[in-house]
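**Student:** Could you have a look at this structure, given as structure tokens, before my questions?
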Amino acid sequence: MRKVILLIFTLSQFAVLFLRYPQVINTASLTSASATLSNSRLSYRAGVATGLSGASTVDIDTTGFSDSNTNHLFPKDVLCFADSNFAGCSQQTTYTVHNAVDSDTLQLFSPLSAALGANDLAIASQSGSLTLAFTTTAVVPTAGDILVTIPMANSASGNDGFPDSSSAVSTGGFDLNAIAAGDISTTGCTDASWVTTETIAVGSGSTDHTIRVDRQTGSCAASSAITITIDSAPGIVNPPPITSGHTQGTADIYTINIKTRDGSDNTLDEIDIDIAPVEAVLVSATVDETLAFTVAAVASAASTCGQTTDVTTTAYSVPWGTLSTADSFSEGSQQLTVSTNADGGYSVTIEENDQMGKNGVTCTGASAGESVNCIEDTTCNGAACTESTSAEWTTATNNGLGFSLANQSGSDASFLYNESSRTFSSRQIADQEVPETKRAIMTSTSQVSGSSAYVCYRISISGTQPAGYYYNKVKYTATAIF
């Protein structure tokens with residue numbers, strides 16, 4: 001009997017222990033877990049020292065704020081100047097950063113419409129999508145859920161779209177930026193079995209944000225790959241640097257918790273994932289403006305502009321030599337080559353100081369001819385061409401000096417020798433003595449490398465042209481358009 005009583009007493013003690021200390025569900029870690037921000041750049045949040053109405057520069061307060069300099073403010077960043085109440089941008093508009101003038105002064109593309117207040121903040125929010133991926137260890141039953149906890153800055157308004165500052169990572173975090181259930185998607189383990197209206201609880205005080213994704217139909221098997229995505233429109237807002245102990249270029253490490261639970265909210269699997277927003281890096285370089293222009297010789301017997309050259313030119317001369325045959329053409333060419341990185345391209349113009357004069361005599365007017373010891377610029381076949389208008393020139397008895405063009409590489413020549421089915425479409429050279437406006441002979445509206453054209457000169461004289469040495473000076477001008 002004593003043994004029976006002792007056995008009953010012993011069993012009763014085990015029962016009391018069992019009731020007092022109920023069974024604990026074993027939990028495990030989720031595996032293959034990751035958290036990815038599409039934009040990992042820390043937001044910018046600095047105090048304003050001065051900002052005058054009509055000014056395009058703003059001075060930054062160098063103490064007491066998340067950002068105390070302009071190091072992490074880049075060209076084209078969009079700034080909102082907000083007051084301490086964060087009731088939207090204080091001037092009802094945003095401004096675009098042009099550049100940082102120095103470590104505590106920034107320049108805007110447009111001037112301030114009103115003066116900034118002493119308590120205003122300069123804010124450049126950085127937001128984007130957040131993707132959480134993991135693999136379950138235990139089965140998630142019907143009516144179970146996934147609970148995601150996202151850190152929020154203590155005592156901040158964590159859902160207004162402004163980055164929230166804090167002195168330490170432990171009390172800082174992300175702003176939910178008014179995301180809605182429609183901004184969240186869950187895939188994996190039969191997508192449709194997850195509820196499509198996730199429960200979002202915005203943090204407050206020292207409580208962090210949570211997002212709960214319910215399993216509405218069917219269980220989710222162990223070893224299932226799950227992905228939860230918060231999209232980028234509007235996206236969650238990254239915090240600015242912590243105000244104490246932050247080193248620019250070193251990430252502030254925040255922790256996101258993910259757990260799976262059963263229908264009674266008991267934790268099944270759980271994992272903490274670190275996420276590391278950090279300052280972005282402004283990679284900048286100045287590319288020198290370049291323009292290369294060469295004038296090259298063309299040998300005699302070369303084929304240019306549909307003709308065979310009669311003389312060998314140099315980079316600095318077209319030596320016709322002795323013109324012994326009247327009313328016949330002599331041909332000579334030069335090759336022009338241009339390279340430039342100018343956004344707006346380039347142009348090459350041509351001009352002459354005067355028409356060809358005997359011993360350099362001044363040839364007054366556009367039609368000075370052999371009667372005043374000049375070789376007149378060509379008028380082509382029947383007074384048809386000028387310095388700006390081209391025409392066919394195939395009649396050698398229509399004496400004078402003219403030129404045509406042919407592309408050697410590229411398509412930049414302003415007109416061509418064979419345009420309009422012509423044999424030698426020609427123009428005069430703009431005469432600065434008249435004066436006439438110099439004309440473009442090569443142009444491009446974008447960058448070029450090694451664009452090249454032939455300038456094909458042609459001359460013809462009559463049998464009554466006074467003997468002597470005739471010359472003029474032709475000038476090419478290459479201009480890059482930056």
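**Student:** Considering only residues that are of a type outside the set (A, V, I, L, M) and in contact with a strand residue (DSSP E or B) (Cβ under 7 Å, 6 or more places away or on another chain), which ones fall in the stretch 173-195? Please lay out each step first, then the result.
**Tutor:** At the first step, the residues of the stretch 173-195 found to be of a type outside the set (A, V, I, L, M) are 173-175, 177, 182-183, 185-191, 193-194.
Scanning the stretch 173-195 gives GLY173, PHE174, ASP175, ASN177, ASP183, SER185, THR186, THR187, GLY188, CYS189, SER193, TRP194.
**Student:** Ok, one more. Would you mind stating whether VAL318 is over 19 Å from LYS438 (Cα atoms), hydrophobic (A, V, I, L, M, F, W, C) and modelled with pLDDT of 95 or more?
**Tutor:** Yes.
**Student:** Could I ask something else about it? Applying the selection to the stretch 343-378, what residues are open to solvent by less than 20 Å² (accessible area, probe 1.4 Å), modelled with pLDDT of 95 or more and in a loop (DSSP other than H, G, I, E, B)?
**Tutor:** GLY345, ASP354, GLN355, CYS363, THR378
**Student:** Where residues in the stretch 116-130 are at pLDDT below 95 and small (Gly, Ala, Ser), which of them is farthest from ASP67 (Cα to Cα)?
**Tutor:** GLY117
**Student:** Tell me, which residue of the stretch 324-342 that is open to solvent by 10 Å² or more (accessible area, probe 1.4 Å) and assigned to a loop (DSSP other than H, G, I, E, B) is nearest to PHE424 (Cα to Cα)?
**Tutor:** This residue is PHE329.
**Student:** Sticking with this one: Name the residue that is nearest to SER129 (Cα to Cα), counting only residues in the stretch 227-237 that are of a type in the set (Ser, Thr, Tyr) and open to solvent by less than 50 Å² (accessible area, probe 1.4 Å).
**Tutor:** Taking the candidates together, the pick is THR229.
**Student:** Going through the stretch 181-226 one residue at a time, which ones are surrounded by fewer than 15 Cβ atoms within 10 Å (Cβ to Cβ) and of a type in the set (Val, Ile, Thr)?
**Tutor:** Those that are surrounded by fewer than 15 Cβ atoms within 10 Å (Cβ to Cβ) and of a type in the set (Val, Ile, Thr): THR187, THR190, THR196, THR197, THR199, THR207, THR217.
**Student:** Report the residue count in the stretch 241-266 for those that are open to solvent by 30 Å² or more (accessible area, probe 1.4 Å) and assigned to a loop (DSSP other than H, G, I, E, B).
**Tutor:** The number of residues fulfilling the criteria is 14.
**Student:** For residues in the stretch 278-334 being acidic (Asp, Glu) and more than 43 Å from the chain's Cα centre (by Cα), which is nearest to ALA478 (Cα to Cα)?
**Tutor:** Among them, the one singled out is GLU331.
**Student:** How many residues does the stretch 399-413 contain that are crowded, with 18+ Cβ neighbours inside 10 Å and part of a loop (DSSP other than H, G, I, E, B)?
**Tutor:** Residues flagged as crowded, with 18+ Cβ neighbours inside 10 Å and part of a loop (DSSP other than H, G, I, E, B) within the stretch 399-413 amount to 2.
**Student:** Looking at SER53, SER34, can you tell me which residue is outside any strand (DSSP E or B) and touching a residue at least 24 places away in the same chain (Cβ under 8 Å)?
**Tutor:** Being outside any strand (DSSP E or B) and touching a residue at least 24 places away in the same chain (Cβ under 8 Å) holds for just one of SER53, SER34, which is SER53.
**Student:** What are the pairs, 6+ residues apart or on separate chains, where a residue within the stretch 137-162 that is surrounded by fewer than 23 Cβ atoms within 10 Å (Cβ to Cβ) has its Cβ under 6 Å from a residue that is at pLDDT below 95 and outside any loop (DSSP other than H, G, I, E, B)?
**Tutor:** Listed by first residue and then by second, the contacts come to THR137/ALA28.
**Student:** Same structure, new question: Tell me, which residue of the stretch 56-67 that is free of Cβ contacts under 8 Å to residues at least 60 places away in the same chain and either within 27 Å of the chain's Cα centre (by Cα) or over 18 Å from PRO163 (Cβ atoms) (or both) is most open to solvent (accessible area, probe 1.4 Å)? Please lay out each step first, then the result.
**Tutor:** Quick first cut of the stretch 56-67, residues free of Cβ contacts under 8 Å to residues at least 60 places away in the same chain only: 56-57, 59, 61-63.
Of the ones still in play, those that are also either within 27 Å of the chain's Cα centre (by Cα) or over 18 Å from PRO163 (Cβ atoms) (or both) are 56-57, 59, 62-63.
Values: SER56: 36, THR57: 62, ASP59: 56, THR62: 72, THR63: 93 Å².
The extreme case among them is THR63.
**Student:** Out of the residues in the stretch 267-279 that are open to solvent by less than 60 Å² (accessible area, probe 1.4 Å) and of a type outside the set (A, V, I, L, M), which is farthest from SER224 (Cα to Cα)? I'd like the intermediate steps shown before the answer.
**Tutor:** Quick first cut of the stretch 267-279, residues open to solvent by less than 60 Å² (accessible area, probe 1.4 Å) only: 267-269, 271, 273, 275-279.
Filter once more, so that each one left must be of a type outside the set (A, V, I, L, M): 267, 269, 277, 279.
Working: THR267: 17, ASP269: 12, PRO277: 28, GLU279: 35 Å.
Top of the filtered list is GLU279.
**Student:** Within the stretch 284-309, which residues are surrounded by fewer than 17 Cβ atoms within 10 Å (Cβ to Cβ) and either among the charged types (D, E, K, R) or part of a loop (DSSP other than H, G, I, E, B) (or both)?
**Tutor:** SER284, ALA285, THR286, VAL287, ASP288, GLU289, THR290, ALA299, SER300, ALA301, GLY306
The values are calculated or read from the model by the stated rules, or taken from the named source; none is laboratory data. Everything quoted here is computed from the prediction, not taken from an experiment. Cβ coordinates were reconstructed from backbone atoms using ideal geometry, including for glycine residues, and neighbour counts include every protein chain displayed. What goes into the accessible areas is simple: the full protein's heavy atoms, side chains included, and nothing from ligands, DNA or RNA. Shrake-Rupley method; radii C 1.70, N 1.55, O 1.52, S 1.80 Å.
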